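Let me begin by presenting the structure, written as structure tokens, before commenting on it.
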């Protein structure tokens, strides 16, 4: 998937942001840290599947 949704709230505020990423990610690797007012999200890219080639004979 290439989309993530970030949601946060406390007693007087709510925040929601939907982002489209430039490439597909492996959501199982997602990690987030909130430190000094900054949210850092790390997600690894999915490995691209290699396309199978086709052998052709040269005449």
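Values quoted throughout were computed directly from the atomic coordinates according to the rules given, and no laboratory measurement underlies them. None of the values given here were measured: they were computed from a predicted structure.
Mean projection of the Cα convex hull over all viewing directions, computed for the chain: 6.3 nm². Extension gain for the segment residue 14 to residue 42, taken as residue separation times 0.36 nm less the Cα-Cα distance, is 7.8 nm to one decimal. Tell me, what is the percent relative contact order of the chain, built from C-alpha pairs under 8 Å that lie six or more residues apart? It rounds to 24 percent for the chain.
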